[in-house]
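Remarks on the structure that follows.
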Amino acid sequence: MSTHAQSAGPVDAALAGPAVIAARDLRKTFGGGSVVAVEDANFEIRPGEFISLVGPSGCGKSTLLRMVAGLLDRTSGSLTVHDAEVRGPHHSVAMMFQKPTLLDWRTSLENVLLPTEIAGRVTDADRHRAMDLLELAGLRDFAFSFPTQLSGGMQQRVALARLLQTGADILLLDEPFGALDEFTREHLNVELMRIVGEVNATTLFVTHNIAEAIFLADRVFVMTPRPGRIAGIVEVPFERPRPPSIQQGAEFNALVSRVRQTFGDRG
Amino acid sequence: MTDSSDLGPVPPGGRTRGVIARHVAILVTLLAAWEIACRMGWLDPLFFPYPSAILVGFWRLYVTQGNIWPHLGLTMAEVLAGFLAGSALGIALAVCVGLIDRLRRYLKPYVIVLEATPRIAIGPVIIAAFGFGWTSKTAIVMLVCFFAPFVNTLNGMVGVEPEKVSMFRSMGASKLQTFRKLMLPSALPEISAGLRLAMASALGGALVAEFIASNAGLGVLITQYTGTLNMSSAFVCVLTLSALGYFIFRSMEELDRILVFWTDRDRTARVSRRRLASWRARMGDDA
Amino acid sequence: MKDHLLSRAVPLAKHLLVFAALIAFWEAAAAIGLIDVILLPEPHQIAASIWDLYVENRTIYRHFFITLYEALGGFLVGGALGLALAVGSSLNDSFRRYVSPYAILLNVTPGLALTPIVIAWFGFGYSSKIALGAIVCFFPVFVNTLIALTRSDAETLEMFRSMGASERQIFWKLRVPSALPMIFAGFKIAITTALVGAVVAEFSQATAGIGVLMQRLSFSLDMSAAIAALLSMSLLGLILFTLIELLDDRIVFWRRAARMDAVSRKRRARWTGEREKQSGKPQGRRRST
Amino acid sequence: MTRFMTATALGAILAAGSVAAQDLTTVNAVMPKQRSANYFPLIVGEALGYFEEEGIEVNLLPSDTPIPFVNFLRNGQADIAMLDSAEVLQAVAAGVDLRVVYEVMQTAPDGIAVSGESDISDVEQLRGETVGLVSDRDRVTMQIALDARGLTEDDVTTVVVGEAGPTLAAAFRDQTVAAIAGSGPDWLAIQANGIPVSLITPEEVSNKPGNTFAVAAGTLEEKGDAIEGYLRAWSKGMYVATFAPDVVAKIAQDAVPEEWEDPEFGQQYLENAIRLNVSVTDTLGGLNADTWESIQPGMQKFGLIEKQVAPSDFLEPGPVEAANDFDRAEVEQEVEAWRDANM
């Protein structure tokens, strides 16, 4: 098992490279322009960076994420991934949803192997890799269980393993643990941090929980609704991975207040 | 006929000896009551032959005369062929319609109208169009078997969770891959239910077709026997149909259990164990 | 508003266009001999026959309403029986165990084979058609109701028990409402089945009804009129189905957003109305004193 | 076991339609019912090889559809059809180029029947009663019968009772209707079952052609020989019954065992069928132009046909002649030989 490597580099190292994702004056409207979902989004995300998108419901977080995934077209502006304009789903980007979206008729392992199947033939190496990812997600004993036999948290971990199986270096997570209870959620957040650190992926994480956003991210994009725009960006100075206890510190609380304030400024 | 896959949770004490004995007792009582009612003249022998006469009729039609076999075989062949062709067509068309939004929109009104029409009334027209041969009978069964799989497949395909479709798109899956790996399996429980419905009505369809125009088949035998007022033999045919229907019904249930194993806890566990075993056989004791 | 109308008119126009194209194709196929016009008359002939049946001679109405009556009657009787037996079975385990095998047996026996017996019992009038309709539409209602009544959400059930609800209260306030959608699904299958039952009975023995009309017309070599009668059967099926769907919409309103809004508005209006009445009372008294 | 095997093989043959012998011309004959003692000339002709001798084989198309048989003649699915006189006249009046070539059941006309225990002995007594019709098509029979006694349809109540055996039988036995309008074959089985039936058919009704064989005019040109062969074989089968009913019984028993589960019933049923089938004219299946002429005014009066047509327009006597052109002594000898071999 090669997956228990030491954690990935600190924030500064990640920030050193060129932008993996870049948006210029990005704008998205629905209903023929009557609803502005995202307006004037400008940002650059560097390799290995973990970004949280935080904001209330309907502020355009998911829309932004879906545009990066290539699932939605933008109305105007520019959006590049690896210096190429996004024109549809891209193999270097993978997405995970609030629901586990597992296929009931496949075992955990077969679910994890789905992206490989879609990309082409499945080799034994792929199978071993999938098994390793399940191990990474702590589900080795459940590799041959079907989704209906798993708890909600376990299902999301399978979905997470599947996300990594895509081999994408950009991971988009749309409130992945939103439907889970607090304990499971915190546990999975720690796991997520460990895992994305190990594979050194660039991550965009959507949530409406401020503490969660700060706990996970290198930078927090604070979004406000109507029209959806990025109201401010809060840098998180802690090294990853971080212990959950960090959330009790005064510095952490100060960050929470700053994020709150950013909302307040706009509202 | 309807899908009666199960009649709610099984009452406790499923199949103990006592329950079976009581079932038999009830059946025997019913038969005895029938026999007595016949002998006392409460039931009209023109319509209700003695149960004992029916029993003798079974022996006659199946053993001493053996004349029911070719008819039974023919009816079963019509049912099977019509069912296979009709449901295959229904599923195939539903797949086309399900994949092409525009087709679905414009086809919908016609499907609704056809669905509302008693299919049996179309039977004579089909005989006229396809002639008197085996094809026309099969065509009628096909027609009867077409709708349930069609409607259910379509519903199942359209009802796939949008998140899952997005997930497939985000993985860069082609339309064909999305269909094969997501839509079709997602629709399987509903397709299976549709197939059960179709199979149930296939028997009725074959019977009608044979009533209308045929030289052989259980429907013909029934007409012949009722026409000559030989009611005990006619009842043998009807009860044969019931048994056939029951058998078909049970086998479709079994098929459903195999096809959509993941809806049943025990079956899922079994399949899971089997997959583990085959992985071990293939990849070594890695798991 | 104009936009709204336009957005509805355009798809309708497209539908009509598709329909017209189909008809034109049919006419053309008949004209060049692809379709045997003896068996499948051209659309314009069918249209003429429809005009004749509905407007000129008005022969259809009597038969139409007779079949409607038979199908509805069959549905009501079969549906009521199915409901009653399902409720009985859901309340009593041994009843369910010992009765349901016979219900299944009845279901798997093609109802058509029972026609002579049914006619023998119920005679040559409408009642035998209603009876056959009832027999064939009994089962969908029975099965759906039974399954729906016996499957209740375990947590909600516990919630009711924790509130000290009696079995009767649980039945009326939980089991019945939560079973309604599925019961209606059964009704929808049953209503068209009842029509089939009535028509089949008419085919084998009847003096009037659409089934009879169809036979009579096709026997007098008038295939276009026979097809017009067949289309009337479709119309009848549609009417019956829509009827149940409307009821479904009314009663199981919480399944459709639009209906839910309407009911919610109505209840609010009633609530505010009652409040006004209550607050109006003392006012009135004051005035009177 | 062998019985099962042969039965299965028979089923297979039936299922495959008629692909058995390639060199035989297939004559597609559409008739109301399956093989039965009711059509004993057919099963006798088949058993004794009369059809084969003519180089033809019969593909019986039993049809209970509401689609008139004439349509099957027109679209070529059937070569020859068994029609009643009303169907013939309606089709001819509608402009179908139809030829009546043979009168199959001359003594099987439509009629009015009552229970053997009924007090009613004449149509006159039906005023104010309920009259059953076997099918809607028998309405005209009733109308003509009532007309003969100065009654109209308004003087009675009518109800269609349907063709299903037990229903009709019960109607007779229990006298739920005072009388029933139908045709001979309808009460064949009922009589054979020991339920007494008596006929009160007025002469105006009984004096008309029964079931006929009709073909499309074009078929006569294309397949004339086969049609003549078919009618000749049919005539021979019919002729056998006049001198060897026991042989016919044996053949019927083998061909349609379902009708002989109660041998007494089978015998009765066959005897009635023989009575209906065997021609009363000197020539077997002979056509009677006068009767065809005389029934039309009544039919027109009750709207069954819109206009009258000349019998010469559709009666084609040629084939009847050919059908009677066989050596009767030879048939007798063959039957004797068959009896020796099989009975």
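The values are calculated or read from the model by the stated rules, or taken from the named source; none is laboratory data. For clarity, every value in this text was computed on a predicted model and none was experimentally measured. Heads up, the Cβs are rebuilt from the backbone with ideal geometry, glycines too, and the neighbour counts pull from every protein chain shown. Remember, those area values only see protein heavy atoms, side chains included, never the ligands or the DNA or RNA. Shrake-Rupley method; radii C 1.70, N 1.55, O 1.52, S 1.80 Å.
Observations on the model:
- Filter pass, D:Ala91 being within 24 Å of C:Ala226 (Cα to Cα), open to solvent by 10 Å² or more (accessible area, probe 1.4 Å), among the hydrophobic types (A, V, I, L, M, F, W, C) and not in a strand (DSSP E or B): no
Condition check ((1) out of contact with any Phe, Trp or Tyr (no Cβ under 7 Å at 6 or more places or on another chain); (2) modelled with pLDDT of 85 or more) across all residues:
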{"residue": "B:Val165", "(1), (2)": "yes, yes"}
{"residue": "B:Arg169", "(1), (2)": "yes, yes"}
{"residue": "B:Leu184", "(1), (2)": "yes, yes"}
{"residue": "B:Ser192", "(1), (2)": "yes, yes"}
{"residue": "B:Ile212", "(1), (2)": "yes, no"}
{"residue": "B:Leu221", "(1), (2)": "yes, yes"}
{"residue": "B:Gln224", "(1), (2)": "yes, no"}
{"residue": "B:Gly227", "(1), (2)": "yes, no"}
{"residue": "B:Ser233", "(1), (2)": "no, yes"}
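- Within the option set D:Val96, D:Val114, D:Val123, D:Val101, being over 20 Å from the mean Cα position of the chain (by Cα) and assigned by TED's automatic domain parsing to the domain that holds D:Glu293 holds for one residue only, D:Val96.
- Contact map, the range C:70-93: residues that are assigned by TED's automatic domain parsing to the domain that holds C:Ala206 paired with residues that are open to solvent by 60 Å² or more (accessible area, probe 1.4 Å), Cβ distance under 8 Å, separation 6+ or inter-chain. Pairs shown: C:Glu70/C:Tyr126; C:Gly73/C:Tyr126; C:Gly88/C:Phe95; C:Ser89/C:Phe95; C:Asp93/B:Pro12.
- Some residue of the range D:211-219 being of a type in the set (S, T, N, Q), in contact with a Phe, Trp or Tyr (Cβ under 9 Å, 6 or more places away or on another chain) and either within 19 Å of D:Asn272 (Cβ to Cβ) or surrounded by 22 or more Cβ atoms within 10 Å (Cβ to Cβ) (or both): yes
- The listed residue being surrounded by fewer than 22 Cβ atoms within 10 Å (Cβ to Cβ), away from every other protein chain (no Cβ under 11 Å) and not β-branched (Val, Ile, Thr), out of A:Arg87, A:Arg106: A:Arg87
- Selection from the range D:301-336 of residues that are more than 30 Å from D:Phe243 (Cβ to Cβ), in a helix (DSSP H, G or I) and open to solvent by 70 Å² or more (accessible area, probe 1.4 Å): D:Lys301, D:Ser312, D:Asp313
- Only listed residue being open to solvent by 10 Å² or more (accessible area, probe 1.4 Å) and either more than 22 Å from D:Pro185 (Cβ to Cβ) or within 14 Å of chain C (Cβ to nearest Cβ) (or both), chosen from B:Ala193, B:Ala198: B:Ala193
- Candidate set: the range B:63-86, residues that are within 10 Å of chain D (Cβ to nearest Cβ) and open to solvent by 50 Å² or more (accessible area, probe 1.4 Å); chosen: the one farthest from the chain's Cα centre (by Cα): B:Thr64
- Taken together, the criteria exclude A:Asp174 from residues that are surrounded by fewer than 17 Cβ atoms within 10 Å (Cβ to Cβ) and of a type outside the set (S, T, N, Q).
- Helices (runs of 4 or more DSSP H) fully within the range B:113-180 that include at least 3 residues being within 14 Å of chain C (Cβ to nearest Cβ) and open to solvent by 30 Å² or more (accessible area, probe 1.4 Å): B:119-130, B:134-158.
- Any hit, the range B:48-60, residues being on the phi > 0 side of the Ramachandran plot, at pLDDT below 90 and within 14 Å of chain D (Cβ to nearest Cβ): no
- Close pairs (6 angstrom Cβ cut-off, 6 or more residues apart or separate chains): more than 17 Å from A:Gly167 (Cα to Cα) in the range A:105-116, open to solvent by 10 Å² or more (accessible area, probe 1.4 Å) and in a helix (DSSP H, G or I) anywhere: A:Trp105/B:Pro185; A:Trp105/B:Trp262; A:Thr107/B:Arg275; A:Ser108/A:Phe142
- Residue in the range C:120-129 that is assigned to a helix (DSSP H, G or I), closer than 25 Å to B:Leu239 by Cα and within 7 Å of chain B (Cβ to nearest Cβ) present: yes
- In the range A:126-166, the residues that are in contact with an Asp or Glu (Cβ under 8 Å, 6 or more places away or on another chain), open to solvent by 30 Å² or more (accessible area, probe 1.4 Å) and without any contact (Cβ under 8 Å) to a residue 24 or more places away in the chain: A:His128
- The residues of the range D:42-72 that are open to solvent by less than 10 Å² (accessible area, probe 1.4 Å), more than 8 Å from chain B (Cβ to nearest Cβ) and within 30 Å of C:Met214 (Cα to Cα), listed by number, are D:Pro68, D:Val70.
- Looking only at the range C:207-224, and only at residues there that are in a helix (DSSP H, G or I) and of a type in the set (S, T, N, Q), the one that is farthest from the other protein chains (Cβ to nearest Cβ): C:Ser224
- Test: residue in the range A:46-54 that is open to solvent by 10 Å² or more (accessible area, probe 1.4 Å) and assigned by TED's automatic domain parsing to the domain that holds A:Ile21: yes
- The range D:153-206, subset in a strand (DSSP E or B) and away from chain C (no Cβ under 12 Å), residue farthest from the chain's Cα centre (by Cα): D:Ala179
- Residue match in the range D:269-277 (condition: free of Cβ contacts under 8 Å to residues at least 12 places away in the same chain and within 28 Å of D:Lys208 (Cβ to Cβ)): no
- The residues of the range A:223-253 that are closer than 22 Å to A:Pro56 by Cβ, in a helix (DSSP H, G or I) and open to solvent by less than 40 Å² (accessible area, probe 1.4 Å) amount to a single one, A:Phe252.
- Scanning the range A:165-222 for residues that are in contact with a Gly (Cβ under 9 Å, 6 or more places away or on another chain), part of a helix (DSSP H, G or I) and of a type in the set (D, E, K, R) yields A:Arg185, A:Glu191.
- Of all residues in the range A:90-103 being closer than 20 Å to B:Lys175 by Cα and open to solvent by 20 Å² or more (accessible area, probe 1.4 Å), the one that is farthest from the other protein chains (Cβ to nearest Cβ): A:His90
- Restricting attention to the range B:237-287 and to residues that are away from chain C (no Cβ under 14 Å) and under 26 Å from B:Thr75 (Cα atoms), the residue that is least open to solvent (accessible area, probe 1.4 Å) turns out to be B:Asp256.
- Qualifying position, being part of a helix (DSSP H, G or I), open to solvent by less than 20 Å² (accessible area, probe 1.4 Å) and at the interface with chain C (Cβ under 10 Å from one of its Cβ atoms), among B:Ala209, B:Ala234: B:Ala234
- Flag for C:Pro101 being open to solvent by 40 Å² or more (accessible area, probe 1.4 Å), assigned to a helix (DSSP H, G or I) and more than 14 Å from chain D (Cβ to nearest Cβ): yes
- Among residues of the range C:158-206, those that are within 14 Å of chain D (Cβ to nearest Cβ) and either open to solvent by less than 30 Å² (accessible area, probe 1.4 Å) or at pLDDT 85 or above (or both), counted: 6
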